[in-house]
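The values are calculated or read from the model by the stated rules, or taken from the named source; none is laboratory data. What you see is a predicted model; the values in this text were computed from it and never measured. No Cβ is skipped: glycine too gets one built from the backbone with ideal geometry, and neighbour counts run over all protein chains shown. Quick note on the areas: whole protein, heavy atoms, side chains included, nothing else; ligands and nucleic acids left out. Shrake-Rupley method; radii C 1.70, N 1.55, O 1.52, S 1.80 Å.
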Amino acid sequence: FLVSPGWTEALLEAMAASGVPFLPGVSTTSEVVALLERGVREMKFFPAQAAGGTGYLKSLAGPLPQARFCPTGGIGPETAPDYLALPNVGCVGGSWMVPADAVAARDWARIEGLAREAAALSAGGTCR
């Protein structure tokens, strides 16, 4: 799958033409509406914490219930459950699962453990 922090018309066209699932990034209501008009329903919300966090996503759920988000940016294991509890959030992303020191040390077991812990953060302890 493809994920970008934002989008332009050219990038959106290239992502769609790739045939690969994609999440263009948004951080404003106007960007969300523009993508909805183009038939895109799943989006990355970035930078999530800086752009308003869970409160912002809650405010979008009422008027734009068809939009679904993968928030990233400033999210950690402490805040991920708050995002995952929202009806318009399908998943979260975070660099806490792949720390640079673990990658440099090729500590795949640590990264796997962190990924398993992250997967258990979703509503009810199961992925949705």
Any idea which of (1) among the charged types (D, E, K, R); (2) touching an Asp or Glu at 6+ places or on another chain (Cβ under 7 Å); (3) exposed (fewer than 15 other Cβ atoms within 10 Å of the Cβ) is the one residue 68 doesn't satisfy?
(3)
Being surrounded by 15 or more Cβ atoms within 10 Å (Cβ to Cβ), among the aliphatic types (A, V, I, L, M) and farther than 18 Å from residue 121 by Cβ narrows it down to one residue among 34, 105, 100, 80; which is it?
34
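Out of curiosity, is residue 77 within 12 Å of the chain's Cα centre (by Cα) and either at pLDDT 90 or above or within 16 Å of residue 46 (Cβ to Cβ) (or both)? Don't jump to the end; show me each part of the working.
Details: within 12 Å of the chain's Cα centre (by Cα): no; either at pLDDT 90 or above or within 16 Å of residue 46 (Cβ to Cβ) (or both): yes.
So residue 77 does not fit the description; no.
Quick check: is even one residue across the range 57-71 basic (Lys, Arg), modelled with pLDDT of 95 or more and in contact with a strand residue (DSSP E or B) (Cβ under 6 Å, 6 or more places away or on another chain)? I'd like the intermediate steps shown before the answer.
First pass over the range 57-71, keeping only residues basic (Lys, Arg): 58, 68.
Going one step further and asking which of them are modelled with pLDDT of 95 or more, we end up with 58, 68.
If we keep only those that are in contact with a strand residue (DSSP E or B) (Cβ under 6 Å, 6 or more places away or on another chain) too, we end up with 68.
Checking the range 57-71: at least one residue is basic (Lys, Arg), modelled with pLDDT of 95 or more and in contact with a strand residue (DSSP E or B) (Cβ under 6 Å, 6 or more places away or on another chain).
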With the structure loaded, tell me whether residue 53 is in contact with an Asp or Glu (Cβ under 9 Å, 6 or more places away or on another chain), of a type in the set (Gly, Ala, Ser) and either modelled with pLDDT of 95 or more or over 22 Å from residue 7 (Cα atoms) (or both) or whether it fails that test.
yes
Give the residue, chosen from 40, 20, that is open to solvent by less than 80 Å² (accessible area, probe 1.4 Å), part of a loop (DSSP other than H, G, I, E, B) and without any contact (Cβ under 8 Å) to a residue 24 or more places away in the chain.
20
Could you check residue 82 against (1) of a type outside the set (A, V, I, L, M); (2) in a loop (DSSP other than H, G, I, E, B); (3) in contact with a helix residue (DSSP H, G or I) (Cβ under 7 Å, 6 or more places away or on another chain); (4) farther than 19 Å from residue 111 by Cα and say which number it fails?
(2)
Read through the list (1) farther than 21 Å from residue 87 by Cα; (2) of a type in the set (Ser, Thr, Tyr); (3) free of Cβ contacts under 8 Å to residues at least 40 places away in the same chain, then give the number of the only condition that residue 4 fails.
(3)
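Could you please find all residues in the range 88-102 being assigned to a loop (DSSP other than H, G, I, E, B) and touching a helix residue (DSSP H, G or I) at 6+ places or on another chain (Cβ under 6 Å)?
The initial filter retains those residues of the range 88-102 that are assigned to a loop (DSSP other than H, G, I, E, B), namely 88, 90-94, 98-99.
Matches in the range 88-102: 88, 92, 98.
Could you please find all residues in the range 86-113 being farther than 22 Å from residue 3 by Cβ and not acidic (Asp, Glu)? Don't jump to the end; show me each part of the working.
Keep residues of the range 86-113 that are farther than 22 Å from residue 3 by Cβ, which gives 101, 104-107, 109-110, 113.
Selection gives 104, 105, 106, 109, 110, 113.
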Qualifying positions in the range 51-65 - open to solvent by 20 Å² or more (accessible area, probe 1.4 Å) and outside any loop (DSSP other than H, G, I, E, B)
54, 55, 56, 58, 59, 61
